[in-house]
Amino acid sequence: MTKEKLTYSMDELIDKVKVYIDSDSGISLITKAYEFAKDKHAGQYRASGEEYINHLLATAIILTTVYADTYTLCAGLLHDTLEDTDTTKQELEEEFNSEIAGLVYGVSKISRIHFSTENEALIEYYKKIIVGMSEDVRVIIIKLADRLHNMRTLWALPEEKRKKKAKETLEILTPIAHHLGIHKIKSELEDLCLRYLKPDVFYDIAEKLNKTKLERDNVVAEMLTSVSNILTEHHIKHEIKGRSKSIYSIYKKLEKGRKFSDIYDLLALRILVESEQECYTIIGLIHSKYKPIPKRFKDYIAMPKANGYQSLHTTVFGIDGYLFEIQIRTYDMDEVAENGVASHWAYKEHKDLTKASKSSTEAKLQFFKAIIDLNEDKMSSEDFVNSVKNEVLSDNIYVFSPKGDIFELPKGSTPIDFAYRVHTKIGESMIGAIVNNNIVPLDYELQDNDIVKINTSKNSCGPSKEWLNIAKTTQAKNKIKSFFTKNEKDLYIEKGKEALEKELRKKKIAFNDFLSDENLTIILNNIKEESVIDIYYDIGSNKYSPTYIIGLIDKYHEEPKEIKLKPKPKNTDNDIIVDGIDKIKVNLANCCHPIPGDNIIGYITKGNGITIHRDNCPNLYNLEERMINVSWNDNIKNKYLVTIMIYSKPYNNALLEIMQKATTSNISIDSMKTINKIDDVLYEIEVWVNNVEHLNNFMRDLSNFTYINSVERFMR
Ligand code: MN
């Protein structure tokens with residue numbers, strides 16, 4: 001095996017950049033990043049012996065293969081400056097800009113791991129990767145490029161380190177590359193991992209491939225010419241490539257018990273054309289000339305894979321009876337297939353991504369965003385990793401529609417997930433499901449190769465809230481949720497209109513007079529809304545009272561009868577104002593955890609100031625002579641710790657959804673305990689809140705979850 005190329009030059013990088021970036025300012029920024037990095041890393045060398053700057057150039061060059069944008073290329077060149085030189089983030093911000101500094105910082109955050117046990121490190125690593133990814137997916141793409149170059153030069157490290165790096169790469173980075181659809185990097189990483197983890201297997205396969213290479217090349221060339229001729233006859237502009245399978249993918253097949261000689265898709269062609277229509281025309285032409293193998297035809301154009309991949313696949317008996325795996329796709333689809341999320345860059349400027357792959361990528365990124373929100377809540381590492389593994393990196397299953405369309409879904413998906421994947425309308429009018437000709441319950445767990453038929457009815461009244469507990473995919477859940485929010489919105493509008501009508505009747509104002517064009521304009525300007533529907537909605541959702549809206553029109557305006565002024569609180573930097581005492585030590589009691597808005601009482605301790613309890617705290621019983629009046633200081637905006645107990649039915653995503661709700665409610669979680677009981681689950685969580693109102697809103701939101709039985713504030 002030849003060693004990798006070791007030295008790179010700036011000219012090489014610039015040549016590759018210029019292929020797709022033609023702005024002078026872009027090129028000069030990249031040059032500046034290069035000079036900066038070269039200067040900072042001066043005197044540093046790689047384990048493989050050459051100057052450090054070569055690693056940075058190599059990383060940037062890898063990034064050009066996925067058409068990284070200017071800032072990402074700069075960050076690629078600078079990615080080790082924070083970690084390995086005296087450079088500060090502020091310096092990067094000043095020299096470059098905050099976006100580039102942010103990217104470099106993100107990469108460094110992922111790289112910085114020091115942990116005692118391997119498992120713990122792995123968990124933290126996942127966390128960092130996912131966090132990095134969700135903050136800005138470019139961070140993870142830089143990390144992948146960095147790792148790819150490190151893997152290429154892995155031979156320079158001692159044996160033991162090689163295995164460790166390779167293992168980590170295969171366990172964490174390649175699945176992430178796969179999920180982001182960056183096939184190019186994923187596939188090279190896998191081959192490199194195999195080479196170091198199982199060198200004998202790797203070289204054995206490589207040798208076998210070599211031995212049969214000439215024969216294969218000849219057959220492929222012949223088949224390629226034949227197919228190309230057919231397409232030319234039909235005036236289809238095309239490009240055909242002979243394709244070699246990666247060593248790793250052959251290894252996976254051998255591992256499943258297949259013989260080397262039986263791996264028929266060793267011979268493979270890829271046909272690229274301009275339009276989707278041509279893809280389907282070509283599949284017809286090929287099948288009429290070469291007999292296809294039944295069940296090997298897959299239409300990933302109509303049904304893209306979760307990572308956005310689109311293509312037609314078929315396997316046919318080709319020249320001399322050799323089996324050929326043929327992929328047919330458009331140039332656009334090829335771009336997504338090779339570069340995944342990174343293809344956003346290439347497409348931003350001139351083309352638009354196919355809708356399906358774009359929305360799937362966005363959904364993916366949104367999911368990562370949800371994961372980072374979880375992380376903010378200080379979820380236990382274990383729960384975090386489990387949710388990542390289960391939802392992001394889990395294996396997928398393939399199921400079929402009765403017509404034979406194939407759908408990719410995460411393991412554990414139900415007919416509900418399937419229905420929503422097919423179409424939102426199918427999901428919303430679903431009344432039952434038939435799998436492999438048997439009626440199944442809606443929570444049936446779909447298996448690989450199931451044929452799923454969804455029964456629908458025009459009279460269906462839509463999804464039930466219970467479905468939220470059954471559905472597995474974020475997509476289905478979001479659609480079910482949005483069905484309900486939409487419905488709730490309609491209810492608010494109706495309610496708001498009624499309330500306004502009622503109030504107008506009370507004031508003996510004619511409805512049509514009140515909503516004259518002139519008045520409407522005044523009201524809408526005032527509340528900064530756009531239509532009369534918004535007014536109803538705002539009233540219905542209690543944003544404004546009907547009286548307030550009516551009062552916006554001068555002639556109906558009534559002066560408020562009484563104006564209440566809040567007494568000005570004393571200026572003190574304590575949370576608590578103690579009657580008659582200015583500077584005194586005050587503690588909030590640990591038993592009842594009072595928060596602003598609670599009725600409170602001070603208890604004078606022996607030598608430790610005043611402890612503040614809620615007035616219903618059982619620990620205060622019979623201690624009247626030591627009590628003192630206290631009140632909250634409205635000037636202080638602190639966060640307070642309280643414990644709440646959540647009684648829930650067993651439901652896989654409960655924790656995840658509680659976390660999400662906390663994040664969206666601007667509540668951070670301090671600790672969390674899960675207590676599994678026979679029929680239900682108790683979560684004891686400590687949260688930081690602003691005040692009683694904040695806490696109560698959160699508790700009310702939680703108790704609206706269908707699987708949550710009750711939510712209580714805890715008092716010892
Ligand atoms: Mn590096």
Please state which of the following conditions Ser249 fails to meet, knowing it meets all the rest: (1) touching an Asp or Glu at 6+ places or on another chain (Cβ under 7 Å); (2) not in a loop (DSSP other than H, G, I, E, B). (1)
Scan of segment 454-487 for residues that are within 16 Å of Val422 (Cα to Cα) and buried (at least 20 other Cβ atoms within 10 Å of the Cβ), ordered by number: Ile454, Pro463, Ala471, Lys472, Thr473, Gln475, Ala476, Lys477, Lys479, Ile480
Against the definition (touching a Leu at 6+ places or on another chain (Cβ under 8 Å) and crowded, with 18+ Cβ neighbours inside 10 Å), how does Ile685 come out, yes or no? no
Taking the conditions exactly as written (within 16 Å of the ligand (Cβ to nearest atom), at pLDDT below 60 and either within 25 Å of Gly26 (Cα to Cα) or in the same structural domain as Cys193 (by TED's automatic domain parsing) (or both)), does Ile110 satisfy them or not? no
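Residue-by-condition table, conditions (1) surrounded by fewer than 16 Cβ atoms within 10 Å (Cβ to Cβ); (2) under 18 Å from His149 (Cα atoms):
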residue	(1), (2)
Gly26	no, no
Leu29	no, no
Ala37	no, yes
Gln44	yes, yes
Ile53	no, yes
Ala58	no, yes
Leu63	no, yes
Candidates Thr674, Thr706, filtered to the one that is surrounded by fewer than 16 Cβ atoms within 10 Å (Cβ to Cβ), out of contact with any Pro (no Cβ under 9 Å at 6 or more places or on another chain) and part of a loop (DSSP other than H, G, I, E, B): Thr706
Just to be sure before I move on: is Ala33 in contact with a helix residue (DSSP H, G or I) (Cβ under 8 Å, 6 or more places away or on another chain), small (Gly, Ala, Ser) and within 18 Å of Asn150 (Cα to Cα) in the structure I sent? no
With respect to Lys127, is the statement that it is modelled with pLDDT under 85 and part of a helix (DSSP H, G or I) true? yes
Any chance Lys32 is of a type in the set (Lys, Arg) and either part of a loop (DSSP other than H, G, I, E, B) or within 15 Å of the ligand (Cβ to nearest atom) (or both): no
Kindly establish whether Ala75 is crowded, with 17+ Cβ neighbours inside 10 Å, aliphatic (A, V, I, L, M) and closer than 21 Å to Asp136 by Cβ. yes
Taking the stated definitions as given, is Ile550 touching a Lys or Arg at 6+ places or on another chain (Cβ under 8 Å), under 30 Å from Thr485 (Cα atoms) and in a helix (DSSP H, G or I)? yes
Looking at segment 57-73, can you tell me whether even one residue there is in a loop (DSSP other than H, G, I, E, B), away from the ligand (no atom under 14 Å from the Cβ) and over 27 Å from Ala337 (Cβ atoms)? no
Please tell me if Glu120 is part of a helix (DSSP H, G or I), among the charged types (D, E, K, R) and either within 21 Å of the chain's Cα centre (by Cα) or modelled with pLDDT of 90 or more (or both). no
Go through segment 182-211 residue by residue and tally those that are within 30 Å of Glu335 (Cα to Cα) and over 30 Å from the mean Cα position of the chain (by Cα). 7
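Results for (1) modelled with pLDDT under 80; (2) farther than 30 Å from Asp679 by Cα; (3) assigned to a strand (DSSP E or B), shown as yes or no for each residue.
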{"residue": "Ile601", "(1), (2), (3)": "no, yes, yes"}
{"residue": "Gly607", "(1), (2), (3)": "yes, yes, no"}
{"residue": "Asn638", "(1), (2), (3)": "no, yes, no"}
{"residue": "Met645", "(1), (2), (3)": "no, no, yes"}
Which one of these does Ile439 not meet: (1) among the β-branched types (Val, Ile, Thr); (2) at pLDDT 80 or above; (3) surrounded by 15 or more Cβ atoms within 10 Å (Cβ to Cβ)? (3)
Restricting to segment 301-334, name every residue that is crowded, with 18+ Cβ neighbours inside 10 Å, out of contact with any helix residue (DSSP H, G or I) (no Cβ under 7 Å at 6 or more places or on another chain) and modelled with pLDDT under 90. Met303, Lys305, Asp332, Met333, Asp334
Tell me which helices (runs of 4 or more DSSP H) are completely within segment 410-524 and hold 3 or more residues being among the hydroxyl-bearing types (Ser, Thr, Tyr), or say none if there are none. 474-506
Being touching a helix residue (DSSP H, G or I) at 6+ places or on another chain (Cβ under 8 Å) and among the aromatic types (Phe, Trp, Tyr) narrows it down to one residue among Tyr290, Tyr251; which is it? Tyr251
Pro410 surrounded by 22 or more Cβ atoms within 10 Å (Cβ to Cβ) and modelled with pLDDT under 90: no
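The values are calculated or read from the model by the stated rules, or taken from the named source; none is laboratory data. All values reported here derive from a predicted model rather than from experimental measurement. Because the Cβ atoms are built from the backbone with ideal geometry, glycine has one as well, and the counts that use them run over all protein chains shown.
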